[in-house]
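Student: The structure's right below; bear with me while I get my questions together.
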Amino acid sequence: MNTIINDTREQWLNRAKDGMIKTVFKQAGYKEEDFPQIRITCAPIGSRKTKTIGQCYNNSLSDDNTFEIVISSEIDTPEETIAILAHEIIHALVGLEAGHGPIFRKVALAIGLTGKMSATVAGEAFKQATQALLVKLGEYPHASMKRGEKKKQTTRMVKLECGDCGFICRASRSAIEASGEPTCGCGGEMWVA
């Protein structure tokens with residue numbers, strides 16, 4: 001079997017989608033014409049706090065009625081990527097309104113995905129069904145891209161309060177050190193609260 005040369009992640013992802021539709025999904029009883037139009041990319045998903053590794057956006061959001069699938073840029077192994085992609089393709093196939101309920105579950109189990117339906121993983125049947133496809137696809141042309149840690153704030157505004165009228169304001173510590181504690185509009189002295 002000849003390995004395909006993929007110049008981009010998107011080529012690899014789309015070829016993986018097409019290959020799974022023609023093999024894994026077909027073996028489970030689904031025909032190519034059952035599938036809606038799907039576009040796939042790889043990008044950061046969610047915030048640093050979420051563990052989302054794949055996302056399927058409803059076709060109603062796209063001007064050309066296409067389901068948009070995003071695979072997390074943190075994932076770089078072909079085996080994990082193809083399992084995540086299969087999960088998201090199921091969402092497009094059954095419709096997002098089905099969630100991870102019984103309709104989604106039926107398809108996921110039929111193609112060999114296992115585990116909690118909101119976080120499926122490749123079971124042995126799925127791994128065997130996609131093994132030849134992964135060989136044909138070759139390397140996933142992507143390296144994991146981790147999100148940077150949130151930069152800690154190094155400057156804090158200091159709360160100042162007027163001793164006479166109670167007026168409150170804030171100023172940077174460096175401004176107070178450079179100019180001294182300010183005076184209030186009423187003429188009273190401002191103190192660090």
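Please treat every number below as a calculation from the coordinates, not as lab data. Small disclaimer: the values here were computed from a predicted structure and weren't measured. With ideal geometry, Cβ positions are generated from the backbone for all residues, glycine too; neighbour counts draw on all protein chains shown.
Student: Somewhere in region 44-61, is a residue closer than 26 Å to GLU139 by Cα and among the basic types (Lys, Arg)?
Tutor: Yes; the residues of region 44-61 include at least one that is closer than 26 Å to GLU139 by Cα and among the basic types (Lys, Arg).
Student: For region 100-127, how many residues meet the condition of being free of Cβ contacts under 8 Å to residues at least 40 places away in the same chain and under 21 Å from THR52 (Cβ atoms)?
Tutor: 14
Student: Test each condition in (1) within 24 Å of ILE53 (Cα to Cα); (2) loosely packed, with under 11 Cβ neighbours inside 10 Å for ARG170 and report the one that comes out false.
Tutor: The single condition ARG170 does not satisfy is (1).
Yes or no, residue by residue, for (1) in contact with a Phe, Trp or Tyr (Cβ under 7 Å, 6 or more places away or on another chain); (2) of a type in the set (Gly, Ala, Ser):
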| position | (1), (2) |
| --- | --- |
| THR41 | no, no |
| SER60 | no, yes |
| ASN65 | no, no |
| GLU74 | no, no |
| PRO78 | yes, no |
| ALA83 | yes, yes |
